[in-house]
Amino acid sequence: MGRTTVLYQVTNNLLKNGVDSSRIFFLRLDQPNLWDFSLRDLVQYMIQASSATKDNPAYLMLDEVVNMEHWDKWLKSFYDQNWPVRIIATSSTRLGLKMGQIESGIDRWREQTLLPCSLPECLDLMEPETELSRQIVVGPTLCETLANLTPITPRINELEKYRNLLLTVGGFPELLTSYKNIEQFPLTSSDFFPPPHQIQLYENVVEKSIYLGMPKYFKITSPSDLGTILFAAARQMGNLWSPTNVSQKLGISISTINNYMTYLEMALLIIMLPNYPHGEAKAQHRGRKIYFTDSALRNAVLKRPISSNHDPADYGHIIENLVVSSLKTLAEQTRFRLYHWRDRKAEVDVIYNDLNGPLAFEVGLSPRHSLSGLSALIEKYPEFHGNSYLVSPSAHFQAANLSPNGIGTIPLDLLLLAVDLQASHMMKLRFSI
């Protein structure tokens with residue numbers, strides 16, 4: 001999501017940096033009148049029209065590139081033959097780009113996944129002049145960034161309304177920016193959910209993935225079963241996923257459920273966390289917890305509102321999901337994995353397995369939430385002493401490395417700010433910015 005916005009931002013940045021507009025092209029390749037041409041013909045025309053050279057290349061914004069036949073092979077050819085172009089190619093279907101990356105893209109292009117907007121990105125969209133994020137010093141790892149945090153000004157408490165907006169309408173720029181005045185957004189009504197937004201989320205994201213994207217790239221004979229499985233997953237968000245139980249309830253084979261869940265995960269609709277052990281083989285065979293990349297998307301599937309007054313237990317899972325999805329954005333940049341941990345009756349919500357300093361997070365609505373799970377984890381895996389945190393909306397910050405029991409506390413919104421800034425820092429390192 002947000003890919004077209006990024007193309008506009010890149011175009012604007014090129015113009016600000018002195019690139020002549022005659023060398024910048026924007027093509028929406030989902031237009032049928034362009035399908036009569038090959039990607040080679042279109043690019044060749046743009047090179048000729050702009051008189052592009054190696055020192056003064058043409059800049060091409062190719063939106064929905066997977067609609068063009070052999071798009072990945074043509075991009076490979078442009079790269080290998082040193083055509084005088086710089087290209088950003090996007091698609092609303094991540095699976096199509098992934099297939100091309102596997103076959104042709106290795107060492108030729110880099111993939112950047114645009115997950116739903118984070119809290120800081122939502123804040124930047126609504127209040128572009130804010131300086132709140134600048135008070136956080138980003139270290140080489142998230143572990144170091146959190147250890148060096150200081151309690152931020154009381155303005156951190158003002159972020160709740162933006163967080164509620166994000167949770168309600170989803171992390172999609174077009175929806176977020178439709179609220180010009182955050183003060184007019186009803187944050188407390190348990191019955192409020194803008195029906196147009198819910199419909200947009202379901203039709204533009206869920207249905208497009210289930211009935212168009214995934215059937216196109218996988219041998220899915222029953223998209224309706226895929227939708228049924230996604231609905232079951234939405235009801236289980238924040239809980240252990242049992243294919244056997246789901247199979248019995250839905251009358252769908254376990255193998256189909258496992259395959260379709262893999263497809264949903266590849267499409268970045270859902271996030272599956274394996275249990276944290278020492279040894280990858282164990283991680284693949286123990287119970288996995290299920291989350292969504294966007295809580296509002298999950299609630300669109302269920303057609304239910306988001307409110308702390310509506311269902312406190314479910315709202316707790318939604319807050320937990322927000323932490324997991326934020327860490328997923330960071331994991332996309334660092335390639336470190338996320339886990340949960342459960343051992344008998346002890347459990348921890350999410351582990352960010354940075355090999356340079358792993359972190360464990362237990363998420364609760366109250367700062368008095370039990371620490372028994374984190375304590376049990378530290379007892380079994382001492383490396384989490386000083387690297388474990390209780391996350392709560394109303395918690396006060398205390399660094400874990402300065403706490404006698406090795407467990408710190410952190411306000412939810414402060415963690416979300418820190419994680420997003422860390423992800424942004426790691427992305428810049430990936431792209432040598």
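Bear in mind that the values in this text are calculations on the coordinates, not laboratory data. Please read all numbers here as calculations on a predicted model, not as lab measurements. As a convention, Cβ positions derive from the backbone with ideal geometry for all residues, glycine included, and neighbour counts pool all protein chains shown.
Taking amide H positions as placed 1.01 Å from N in the peptide plane, with prolines and chain starts having none, which residues 5 or more places from V350, or on another chain, fall under 5 Å of its amide H?
Amide H neighbours of V350: F361.
Would you kindly derive the ³J(HN,Hα) couplings of the range 411-425 from the backbone phi angles with the Karplus curve 6.51 cos²θ - 1.76 cosθ + 1.60 (θ = phi - 60°), listing them in order in whole Hz, with x for Gly and Pro?
x, 3, 5, 5, 4, 4, 4, 5, 5, 5, 5, 5, 4, 4, 4
Once fully extended, how much extra length lies between A313 and I199, figured as 0.36 nm per residue of separation less the alpha-carbon to alpha-carbon distance?
The span from A313 to I199 would gain 38.5 nm if fully extended.
Would you kindly compute the Cα radius of gyration of the chain and its largest Cα-Cα separation (Dmax), both in Å?
22.7, 68
Could you give the size of the charge dipole of the chain about its Cα centre, using +1 on the Cβ of each K and R and -1 on the Cβ of each D and E, expressed in debye and rounded to the nearest 20?
820
Cα-based Rg (one decimal) and Dmax (whole number) for the range 297-401, in Å?
When restricted to Cα atoms, the range 297-401 yields Rg and Dmax of 14.6, 43 Å.
Just to be sure I understand the model, the point goes 7 Å from the Cα along the line to the Cβ. What's the resulting D55 to S372 distance in nm?
Inter-label distance under the simple model: 7.2 nm.
Can you give me the distance in nm between label points at N239 and Y45, each placed 7 Å from the Cα along the Cα-to-Cβ direction?
If labels sit at N239 and Y45, their model points lie 5.5 nm apart.
Whose amide H sits under 5 Å from the amide H of S388, counting only residues 5 or more places off or on another chain, with H placed in the peptide plane?
A360, G408
Once Rh for the range 360-433 is found with the Kirkwood sum over Cα pairs, what is the Stokes-Einstein diffusion coefficient at 20 °C and 1.002 mPa s, in µm²/s?
Estimated via Stokes-Einstein, D reaches 164 µm²/s.
For F37 and Y211, what is the calculated FRET efficiency with R₀ set at 22 Å and r taken between the beta-carbons, to the nearest 0.05?
So the FRET efficiency works out to roughly 0.20.
Taking R0 as 60 Å, what's the FRET efficiency between A346 and D80 from their Cβ-Cβ distance, rounded to 0.05?
Computed FRET efficiency for A346 and D80 comes out at 0.65.
Could you work out how much longer the chain between K161 and K249 gets when fully extended? Use 0.36 nm per residue separation minus the Cα distance between them, nm to one decimal.
Gain on stretching K161 to K249: 27.8 nm.
At most 13 other Cβ atoms within 10 Å and a DSSP loop assignment: could you name the trypsin sites (Lys or Arg not before Pro) in the range 363-433 that fit?
Answer in residue order: R368.
Go through 164-177, 342-355 and give me the packing order, highest mean Cβ count within 10 Å leading.
164-177, 342-355
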